[in-house]
Amino acid sequence: MNENTKVNILHIEDNPDISLVVARILSNIADITLVTNLVDARYQLAEHDFDLALLDLTLPDGSGLDLVTELKQRNPPIPIIVHSAHEVSETISDVDAVLSKMYTQYDNLRETVLQLTGRADTLAAQ
């Protein structure tokens, strides 16, 4: 995938080990902006456009779910993947996918990102 077609992801995650693993998994398909709290996430959302948000729930300054309404009110709405170490209901309102940090396979994360951003056809080209 060339630089012009990479997915622009806002990754909201306060665990440096998880953010490093995710960056490696998605490095050939995504440009990732990493933030570790809600304040920085809101700043990035005000300054930049994103194709997708990868959202942890437990952050130093609140719950990642506090951003869901803001992400969905954007034009166009930003697809959201909740990526959490905690048990999470897969029916969280306005969230597009829920992936467990403990059980998610690398290919599943890549595939979910590409599907939610309308780039699933790139899987065949990789």
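Things worth noting here:
- Failed criterion for residue 37 (all others in (1) out of contact with any Pro (no Cβ under 8 Å at 6 or more places or on another chain); (2) surrounded by fewer than 18 Cβ atoms within 10 Å (Cβ to Cβ); (3) of a type outside the set (Lys, Arg) hold): (1)
- Strands (runs of 3 or more DSSP E) lying entirely in the range 1-88 (those with 3 or more residues that are modelled with pLDDT under 95 and either under 24 Å from residue 114 (Cβ atoms) or of a type in the set (D, E, K, R) (or both)): 80-84
- For residue 46: the one exception among (1) in contact with a helix residue (DSSP H, G or I) (Cβ under 8 Å, 6 or more places away or on another chain); (2) loosely packed, with under 14 Cβ neighbours inside 10 Å; (3) of a type in the set (Gly, Ala, Ser): (1)
- In this entry, residue 26 passes the filter for residues that are closer than 17 Å to residue 108 by Cβ and surrounded by 15 or more Cβ atoms within 10 Å (Cβ to Cβ).
- Any chance residue 109 is modelled with pLDDT of 90 or more, part of a helix (DSSP H, G or I), over 22 Å from residue 28 (Cα atoms) and touching a strand residue (DSSP E or B) at 6+ places or on another chain (Cβ under 9 Å): no
- Residue satisfying condition, being of a type outside the set (A, V, I, L, M) and buried (at least 16 other Cβ atoms within 10 Å of the Cβ), within set 70, 13: 13
The values are calculated or read from the model by the stated rules, or taken from the named source; none is laboratory data. Bear in mind that the values here come from a model prediction, so they are computed numbers and not experimental data. Cβ sites come from the backbone with ideal geometry, for glycine too, and all protein chains shown count toward neighbours.
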